[in-house]
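Asker: Following this message is one structure expressed as structure tokens.
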Amino acid sequence: LILLDSLLQERTMLSLRGNISIFSPNKLNLPISQIGCSLHTSPVLKRRGAKKVRKISEEMRESMAKGPWYKKPTLVMTSPLGTTVHPVNKFESKEEDFLKEVDAKSCEDFPVDIEDPYSKVPKMCVLCPRKFKENIMPNYKNPKLLSQFVSPHTGHVYQAHITGLCSYMQEIVEREVDRSRVAGFMSTKVINPQYSQDPPLFNPNKPMKPNSL
């Protein structure tokens, strides 16, 4: 906008002085300075030449050429360091022996790898294979082992809260008891019809009654 304003002002000045347009060729072939117009928008800029010249003294120029005050000249090493005589440590061997002795004695203070005394014993059922050296698995051909988990009065297999077996081994015992009875190795207990109408005295699945007190 400033450039457009200056061009319009110059065009009006030229048109008033000699009807010469800045956008048309100069018929008189004269420079613009002789015509009496300029490209500056104000007389102040015309006197400055469109640029303000900063007046700096010579001392200021010399100080600016040196650079900022905080930048010091780099130090150049003139004397070789190889020729400098350094003192020899007379106790170097003794210090090394002392450090080795300290390391040897500090090794005794390291923690010893032992089992955690507060670790809980892993729970294992009666027939857990980790409990015995030989793997004892319930089999339908071993009625003596299976009869220990069967009630001699009712013929039902005791539940896990009585046998103390895990769910996996309890399922195997119940399956092998059924197979043993089918194969004829174990007898099947049947209630006497004479006592079939008697009221149950307790729940055979939960023989332990809760204490009301």
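Asker: Please work out if D103 is free of Cβ contacts under 8 Å to residues at least 24 places away in the same chain and in a helix (DSSP H, G or I).
Answerer: When the stated conditions are applied, D103 passes them.
Asker: Moving to a separate point now. List the number of the failed condition for F110; all other conditions in (1) at pLDDT 90 or above; (2) open to solvent by 100 Å² or more (accessible area, probe 1.4 Å); (3) hydrophobic (A, V, I, L, M, F, W, C) hold.
Answerer: Only one criterion is unmet by F110, namely (1).
Asker: Looking at the stretch 122-138, I want the residues that are basic (K, R) and have a partner that is surrounded by 10 or more Cβ atoms within 10 Å (Cβ to Cβ) with Cβ atoms under 7 Å, at least 6 apart or on another chain. Which pairs are those?
Answerer: Cβ pairs passing all conditions: R130/M124; K131/M124.
Asker: Let me ask another. Looking only at helices (runs of 4 or more DSSP H) that lie completely in the stretch 28-93, which have at least 2 residues being surrounded by 10 or more Cβ atoms within 10 Å (Cβ to Cβ), modelled with pLDDT of 75 or more and among the hydroxyl-bearing types (S, T, Y)?
Answerer: Those helices (runs of 4 or more DSSP H) do not exist here; none qualify.
Asker: Something else: Test S147 against the criterion of being more than 30 Å from T188 (Cα to Cα), out of contact with any helix residue (DSSP H, G or I) (no Cβ under 7 Å at 6 or more places or on another chain) and among the small types (G, A, S), and give yes or no.
Answerer: no
Asker: Checking S119 against (1) among the polar types (S, T, N, Q); (2) open to solvent by less than 100 Å² (accessible area, probe 1.4 Å); (3) in a loop (DSSP other than H, G, I, E, B); (4) closer than 26 Å to R181 by Cα, only one condition comes out false. Which one?
Answerer: (4)
Asker: Please work out which residue is most open to solvent (accessible area, probe 1.4 Å), limiting yourself to the stretch 160-184 and to residues that are among the aliphatic types (A, V, I, L, M) and touching a helix residue (DSSP H, G or I) at 6+ places or on another chain (Cβ under 9 Å).
Answerer: I162
Asker: Take the residues of the stretch 132-159 that are out of contact with any strand residue (DSSP E or B) (no Cβ under 6 Å at 6 or more places or on another chain) and aliphatic (A, V, I, L, M): which is surrounded by the most Cβ atoms within 10 Å (Cβ to Cβ)?
Answerer: Only one residue fits best here, namely L146.
Asker: Check the stretch 128-135 and report whether any residue there is part of a helix (DSSP H, G or I) and basic (K, R).
Answerer: No, the stretch 128-135 has no match at all.
The values are calculated or read from the model by the stated rules, or taken from the named source; none is laboratory data. What you see is a predicted model, and the numbers here were worked out from it, not measured in a lab. Using ideal geometry, Cβ is built from the backbone for each residue, glycine included, and neighbour counts are taken over all protein chains shown. Accessible surface is based on the protein model in full, side chains and every heavy atom, while ligands, DNA and RNA are left aside. Shrake-Rupley method; radii C 1.70, N 1.55, O 1.52, S 1.80 Å.
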